[in-house]
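Any read-out appearing in this document is the output of simple, stated calculations on the displayed coordinates, not a laboratory observation. For clarity, every value in this text was computed on a predicted model and none was experimentally measured. Every residue, glycine among them, receives a Cβ derived from its backbone with ideal geometry; neighbour counts consider all protein chains shown.
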Amino acid sequence: MKRIYAREDLCLGCRLCEIHCLVAHSKSRRIISAMTREKGQITPRCKVEESGQVTFALQCRHCEHARCLEACMTGAITRDPATGVVLHNADKCVGCWMCLMSCPVGAIQRGREGHVASKCDLCQGEAAPVCVANCPNEALLFEDREERKK
Amino acid sequence: MDDAQTIPDDQWRPDRHQKSQRDEKDQSGCAICGLLNEDGSLVDGGLIIRAIANMHDRSNGLGGGFAAYGIYPQWKSWYAFHLMFDHDAARRQTESYLETVFQVAHQEAIPTAHLEVIRQRPILVRYFLLPKEELRARHYDLTDDDIVMMNVMHINKTIDGAFVFSSGRNMGCFKGVGYPEDIGRFYRLDEYQAHLWTAHGRFPTNTTGWWGGAHPFGILDWAVVHNGEVSSYGKNRSYLANFGYQCTMHTDTEVIGYLFDLLVRKHHLPIEMACQAVAPPLWSRIEQMPPAERQLLQTLRIIYGGALLNGPFSIVVSHAGGLIGLNDRIKLRPMVAARRGASLYVASEEAALRLMCPSPDLIWRPAGGVPVIGRLQSQPQEVSVA
Amino acid sequence: MRKWLVEPDFILTRDPDRCINCQVCVRQCANDVHVHDEEADLVQSDSEKCVGCHRCAALCPTQAISIEKASLEFRPNGNWTADRIRAVYKQAEGGGILLSGMGNDQTLPVLWDHMVLNASQVTNPSIDPLREPMELVTYLGRKPDRLELNRDANGKVSLATELAPQLRLETPIMFSAMSYGSISYNASFSLARAAQAAGTFANTGEGGLHKDFRPYAKNLIVQVASGRFGVDPDYLNVAAAVEIKIGQGAKPGIGGHLPAEKVDAQVSATRMIPERTDALSPAPHHDIYSIEDLRQLIYGIKEATQYTKPVCVKISAVHNVAAIASGAVRAGADIVAIDGFRGGTGAAPTVIRDNVGIPIELALAAVDARLRDEGIRHQASIVAAGSFRSSADVIKAIALGADAVYIGTAALVAMGCHLCQKCYTGKCNWGIATQDPMLTKRLNADVATRRLSNLLRGWSLEIKEMLGGMGINAIESLRGNREHLRGIALSDRDLNILGIKAAGE
Ligand code: SF4
Ligand code: SF4
Ligand code: SF4
Ligand code: SF4
């Protein structure tokens, strides 16, 4: 499946990916409203990790063996059988943080939207994830590497 | 000489005052045709006049001309200079110059007929010349051809009102302002016998009918009739300057003549290859050729980039050895060709071609950049001139 | 002491209605203009440090930033303009030579803008490049006067001429000398890759050849400059051609200076100089004090490369450029590159950049005419350089007589350069003229290669369109074809030197 890959050698640490992610998951979906009126109520699913000169954006890997999915006791985390995308349903989430603890890459966060977890959904409905589309240096790639290996 | 030609020119020769308005480059649409008897048999000018007259609508009465080969057998080793003078002073100045550098075997007015429609005639005289011994000695590194060309350029450039429009051996150009069929009758071309004829009817868009601007363009035994425009003129001219050619004639046709002179006479390229230099195959086609050929054409094109003739053209280039018909690489101007026996014909239009050659063995439409080459196989018949 | 007489060049304002406080600008400006005030939770700016590179504005997701020229007006004075006054302040402050990056920015007339091209009407059909072949292929190198043929007993001909080595360009545009060191690894790498993709050449400048770029050497011209950085037999032999740099348009008559800060481990290895030392190239080549010395170096290089590479000599356009170019051709140069006074640089004394040398338009015309007068124009190739801003400038240069052009500034702009002229600070916010790893990674080499290739493609398509309009289907027919140029609002003298007629003639 198509996944997001970060190129830390090219990441500027500008955090535009975070910002656009946040906007995409806001109610208004307008950048100024999302970043002002809705501030503090939305979680960017994409997070820029920073250590010294190295920065890169991290999101859910949509693992083949998704530990979060296995750990979730309410069934809030499911895999879309058609696309393979690992999705989180906030309505079923009880905020037990099991997923958060089991995720090997730390891609799941406590959401600001309520007492629920928050994770990347690869921008369902968009042509490409907004973090990828808005990265000014093409430091995020959205591609199917398994396909490529074949 | 015709008395009328000595009238002070100012009254009726507006051109003299408009020399500055002559463009360096000529733009014109035209009719061209040519015929060659490869066996050297002779034919009078009547046929070619009828052929060019058949394409009357392709010219607008501002220029016509002919080249004829084999016409001066009794002077055949002498350079036949055809000169036009605007006035007697130019003639006197030129003649005194000619006498200093050339031996003059013979000189005479070029015979003409009295034709109402041919107006504003310059003084037309021909001379049969060879460089003087002292000149040959001074220019020991030059051939007679080189010396002649140098002097043609010198006269055309420096003597105001004098113009050498033909300078080959045993051949001559005849041209002027008017429809070509009238020019042909004016020069009484039916009285000349030649094995090779070319003709031109002109439709200039930007010159003030100057006699020298009509075609053919002649230098040494090269004569060029040209339909089209040389868009690469500026390039060709500056390229030729490297080899000492000075463009003085205010017509882009001039560069075609000089290029063939450079490629064939000076650089000894076979005619086919000279044609490939002026209308080379596309690089993409060269790439696909077998290695030896590819390398040859690549090298030819690299060296002779400045010789590439660009723009729409069909030309007939004639010379002592024969005739070449050629189109630009993408054939933007018309030309058809035919053969019958030892005769080769080319023309802008098929009607004119069929007029010259009613039952051809072969008639074809040469592709862009593919030359039609006729070669004189035997020496022309000897007959006395009219 | 505070530099209180040094006034800001720009004033930066932030629209409070648009700013979302995201701090992208803070993270992008290497000049530390923007700061985030934690307490107020507000982004603020110190305009004084702004160089006007637009990096922050380009990345600001809400277009909240506007940058204007500081409107601190002096009493109007046509002589003592604000720039001149401020230069004196700066110099009084520091006492040194004022430096600049990029090319001459003075408002001297750009003659390209006074020349117009021809097109066909009626007498000559224009050619549609979408339907008909249109050839831009260009060969650079020494050409013999004529083709020599062997004729066998049957009269069959074969090639006798052995052509001197040539560079084949698919389009008559090359990337001019920009050294690794003055520009970043990614920038150099992108130029090399784009040149290869487009079938043309990039010039390494005097910075040597990074080992990673060797796979692209077939599309690289390597430079031998007065500092001889990175030059060894291998360097000469892997390249497509060798260029001897005598001068550079931005700073004729002086050498180069790469500050120690830019000489990191990689640059040091490539230049073959110690790390963190200034790389100083002397003003002249100390083995070239005359034209016969140049000949020795040319033939030295030809010997070292077994006569398999064309040798180019690059000179800056100075007053007697025509004679110098002719001397270079006679000394054995296969290609002469002429760099006009608008040519760019990583660092040059401003006073030299803005006052020394002549425009490429006039230099090119003079050289072409001179070589033609001497009957040697067809023997060597001329490459023009010194600020080609568009395909129109390129095609006009070709009509004036250039075989090809070098583009430098345009290539940098394609990669993102905003002509802030601060290349010499090493803090290029666009990741081009810097070696700071935080900044160099801003230039994604894949993106830059793509953008450079696009630029070459776009310009080439435009050149084809213009050629077709003139009724010409091979670039060699436009080369030196000044018939297709006309001048507008030029003096007779200028027209004369350019060898073109006035519009309307
Ligand atoms: S937008 Fe791109 S460059 Fe900026 S932080 Fe995200 S991944 Fe890095
Ligand atoms: S220097 Fe460049 S990035 Fe910094 S504030 Fe000025 S324009 Fe923005
Ligand atoms: S990048 Fe734009 S929106 Fe973000 S803090 Fe700077 S000015 Fe404000
Ligand atoms: S290369 Fe960088 S520093 Fe130099 S002018 Fe361009 S943007 Fe400014």
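Estimated at 0.36 nm per residue, the fully extended path between A:SER102 and A:ASN89 surpasses their Cα-Cα distance by 3.0 nm. Amide H contacts under 5 Å for C:GLY256: C:SER281, restricted to partners 5 or more places along the chain or on a different chain, H placed in the peptide plane at 1.01 Å from N.
Within the shell of other residues whose beta carbon sits under 14 angstrom from the beta carbon of A:GLU50, the net charge comes to +1, with Lys and Arg scored +1 and Asp and Glu -1.
Projecting the Cα atoms of A:MET73, A:LEU10, A:VAL86 onto the dipole axis of chain A, where Lys and Arg carry +1 and Asp and Glu carry -1 at the beta carbon, places A:MET73 farthest toward the positive end. Computed about the Cα centre, the dipole magnitude for region B:93-159 is approximately 280 debye when only Lys and Arg (+1) and Asp and Glu (-1) carry charge, each at its Cβ.
Remark on C:GLY480: its backbone amide H falls under 5 Å from those of C:ALA399, C:LEU400, C:GLY401, C:ALA402, a criterion applied only to residues 5 or more positions apart or on other chains, H modelled at 1.01 Å from N.
Measuring between their Cα centroids, region B:158-186 and region C:255-327 lie 58 Å from each other.
So how far, in whole Å, is the C-alpha centre of region C:417-433 from the one of region C:462-501? One Cα centre to the other: 35 Å.
Each residue of region B:135-150 was assigned a 3J(HN,Hα) from its phi angle through the Karplus curve 6.51 cos²θ - 1.76 cosθ + 1.60 (θ = phi - 60°); the sequence is 5, 4, 5, 5, 9, 4, 8, 10, 7, 4, 4, 4, 5, 4, 4, 4 Hz, with glycine and proline shown as x. Hey, for a label at C:GLU170 modelled as a point 7 Å past Cα toward Cβ, could you say which residues of region C:229-270 have their backbone N under 14 Å away? Under cut-off, by backbone N: nothing. Summed over qualifying helices (DSSP H, 4 residues or more, each -39500 (n - 2.57)) and divided by its residue number, the protein assembly as shown shows a 222 nm mean residue ellipticity of -7500 deg cm²/dmol. Partner lysines whose Cα lies under 30 Å from the Cα of C:LYS49, excluding those fewer than 8 positions away in the same chain, are identified as C:LYS3, C:LYS69, C:LYS90, C:LYS251, C:LYS262, C:LYS422, C:LYS427, C:LYS441. Note on A:ARG112 and B:GLU191: their simple-model spin labels are 10.8 nm apart, each label 7 Å out from Cα toward Cβ.
Ranked for footprinting exposure by Cβ neighbours inside 10 Å, fewest first, C:SER477, B:SER343 give B:SER343, C:SER477. When its C-alpha radius of gyration is set against 2.2 N^0.38 Å (N residues), region B:210-332 gives a value of 1.03. Straight-line cross-link reach from C:LYS143 at under 15 Å between alpha-carbon atoms covers these aspartates and glutamates, not counting any fewer than eight positions away in the same chain: C:GLU162, C:ASP334, C:ASP403, C:GLU476. Counts of other chain beta carbons within 10 angstrom of each beta carbon in peptide C:135-148 average 5.
Over region C:200-301, Cα pairs under 8 Å with separation of 6+ residues give a relative contact order of 26 percent. Loop-located trypsin sites (Lys or Arg not before Pro) in region A:12-106 (DSSP state not H, G, I, E or B) with no more than 16 neighbouring Cβ atoms inside 10 Å: A:LYS27, A:ARG29, A:ARG30, A:ARG37, A:LYS39, A:ARG61, A:LYS92. Across chain C, C-alpha contacts under 8 Å between residues 6 or more apart give a mean separation that, scaled by the residue count, equals a relative contact order of 19 percent. Dividing the mean sequence gap of close Cα pairs (under 8 Å, 6+ apart) by how many residues chain A holds gives a relative contact order of 32 percent. Within straight-line reach of C:LYS156, meaning a Cα separation under 23 Å, sit the following lysines at least 8 residues removed in sequence or on another chain: B:LYS266.
Each Lys and Arg adds +1 at its Cβ and each Asp and Glu adds -1 at its Cβ; summed about the Cα centre, the protein assembly as shown shows a dipole of about 2260 debye. Percentage of Cα-Cα pair distances in region A:16-129 greater than 22 Å, rounded to whole percent? In whole percent, the share of Cα-Cα pairs in region A:16-129 beyond 22 Å is 33. Is region C:18-109 rounded, prolate or oblate when judged by the Cα gyration tensor, a ≥ b ≥ c being the square roots of its eigenvalues, rounded requiring a/c under 1.5 and prolate requiring a/b larger than b/c? Prolate, since a/c reaches 1.5 and a/b exceeds b/c.
Ellipsoid fit via the Cα gyration tensor, region C:133-238: semi-axes of 35, 17, 11 Å, each the root of five times an eigenvalue, largest first.
Region C:162-237 and region B:214-288 have Cα centres lying 37 Å from one another. Once backbone amide H atoms are built at 1.01 Å from N, C:GLU148 has C:ALA160, C:THR161 as its partners under 5 Å, excluding neighbours fewer than 5 places away on the same chain. What you get for region C:308-373, charging only the Cβ of Lys and Arg (+1) and of Asp and Glu (-1), is a dipole of about 140 debye around the Cα centre. Taken over the alpha carbons of the protein assembly as shown as equal point scatterers, the Debye sum produces base-10 log I(q)/I(0) values at 0.07 Å⁻¹ of -0.75. What net charge is computed for the residues neighbouring C:ALA250, neighbours being all others with C-beta under 15 Å from the C-beta of C:ALA250, Lys and Arg scored +1, Asp and Glu -1? Around C:ALA250, the charge tally is +2.
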